[in-house]
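Below you'll find the structure, written out as structure tokens, and then a few comments.
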Amino acid sequence: MDKCAELILDGKSCKLPIVEGTEKERAIDISGLRSSTGLISLDDGYANTGSCLSKITFIDGEKGILRYRGIPIEELAEKSTFIEVAHLLILGHLPNSGELRRFSDLLTQGELLHESMKHHFEGFPATAHPMAILSSMINAAGCFYPELLTENKTSFETQATRLLSQVRTIAAFAYRKSRGLPSIYPKPDYKYTANFLHMMFSQPYHDYELKPEAVKALDLIFLLHADHEQNCSTATVRMVASSRANLFASAAAGVCALWGPLHGGANQAVLEMLEQIHAAAAKDKNSGRRLMGFGHRVYKHYDPRAKIIKKACDDLLAKLKVADPLLDIAKHLEAAALKDPYFVERKLYPNVDFYSGIIMRAIGIPVEMFTVIFAIGRMPGWIANYHEVLEDSHTRIYRPRQVYTGPTLNHYIPASERK
């Protein structure tokens, strides 16, 4: 007999099935709770609620484990690339050489935006945040592919690679727009991350010098951010997908969710913090400043991604020999966090946002683009989760319930009689 949890209510018993995942995670299935008891569950912020069954990413925050499709993040960071990982997440397995070549070719074929999109960029003010442009333009790009409006499963790989490729083109164009610079088109012979840096920093008739260590570090940032289970933006993508909205619209919604400072904006906040405080001020509870880039809601010890990206950060700074007082402050703050009892006792270890912010500044990426970089990296996870929702024949439109706490029944009073 399947294992169940028993709920006793008013002397009556209600049995709820227990679901167990492949990593021995256990959950009480309450999908029949309301029909059996008339009650719903209440879980503010969904911190204890599993919204889905998923085969994509596994996290154990207590043990500091992160795996994509069962493969440890440490192995992928050491041996793989962002594009290989994108294939793994979106299509379910690491590609062989032929599959990788096909996937890369599809990315190249889909990298150019429709020329009419230029007019959309011109409509934004120079002060527009790149995340606002990114979300809007992903939605606009979807308008040029009417096949998105039909549920054509055979074209999924084409649409997925088109979105994954165009998100970096849109991001680079948005940056150039914000600086009043001419757009730089992608080069078909450049690989994914190198092409993004080319579109960001090249000038007409003068290509940006691609430093291998910078390309490698940014590719690692993309890889480490590629998916992270049911976070705010991924859950948003799944919710929008459940309504059968198209892939581009669902991803645009994910960008909006990611924009928030409590989510994707954390790496931007790291640099803003470094501009205002030093290590001692961070420990002052009365300073009015929040320590950003330390600790994590999921990981109770060290963020496994931080261990990986710390080495890449150290290597990059050593090779580039960047002279930057903010980066010096960051290194002092890091040293304090790893040794100072205040940080250690509270498990406030530097997280992936801390190191990725330092890397991006060293490369020359402006702070307003940090969250955009996060969005590019997270795109494979969003696409994979979108696909999982649509492939599941049991998925219903997401429709959370609530516990109403407003006024009880009252009635309309004409304006002349109101006090």
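Evaluate the following for residue 354: is it closer than 30 Å to residue 200 by Cβ, under 25 Å from the mean Cα position of the chain (by Cα), modelled with pLDDT under 70 and crowded, with 21+ Cβ neighbours inside 10 Å? So that I can check it myself, show each step before the final result.
Details: closer than 30 Å to residue 200 by Cβ: yes; under 25 Å from the mean Cα position of the chain (by Cα): yes; modelled with pLDDT under 70: no; crowded, with 21+ Cβ neighbours inside 10 Å: yes.
For residue 354, the condition - closer than 30 Å to residue 200 by Cβ, under 25 Å from the mean Cα position of the chain (by Cα), modelled with pLDDT under 70 and crowded, with 21+ Cβ neighbours inside 10 Å - is not met.
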Quiz item: Does residue 397 count as under 17 Å from residue 250 (Cβ atoms) and not in a helix (DSSP H, G or I)?
Solution: yes
Quiz prompt | Scope segment 21-56; condition part of a loop (DSSP other than H, G, I, E, B) and of a type in the set (S, T, N, Q); matching residues | solution = 22, 31, 41, 48, 49, 51, 54
Self-check item: Among the candidates 164, 218, residue that is in the same structural domain as residue 114 (by TED's automatic domain parsing), surrounded by 22 or more Cβ atoms within 10 Å (Cβ to Cβ), of a type in the set (A, V, I, L, M, F, W, C) and under 18 Å from residue 382 (Cβ atoms)
Solution: 164
Quiz item: Restricting the first residue to segment 81-102 and requiring it to be more than 16 Å from residue 387 (Cα to Cα), which pairs with a second residue that is of a type in the set (Gly, Ala, Ser) and in a helix (DSSP H, G or I) meet a Cβ separation below 9 Å and a spacing of at least six or different chains?
Solution: 82/377; 83/104
Practice problem: Return yes when residue 18 is in contact with a Pro (Cβ under 7 Å, 6 or more places away or on another chain) and either at pLDDT 95 or above or closer than 29 Å to residue 304 by Cβ (or both) and no when it is not. | Solution: no
Self-check item: For residue 180: the one exception among (1) surrounded by fewer than 18 Cβ atoms within 10 Å (Cβ to Cβ); (2) of a type in the set (Gly, Ala, Ser); (3) without any contact (Cβ under 8 Å) to a residue 40 or more places away in the chain
Solution: (3)
Quiz prompt | Selected residue (only one of 343, 370 is of a type outside the set (Ser, Thr, Tyr) and within 22 Å of the chain's Cα centre (by Cα)) | solution = 370
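The values are calculated or read from the model by the stated rules, or taken from the named source; none is laboratory data. Here the structure is a predicted model, which means the values were calculated and not measured. Methodologically, a virtual Cβ is constructed for each residue, glycine included, from the backbone with ideal geometry; neighbour enumeration extends over all protein chains shown.
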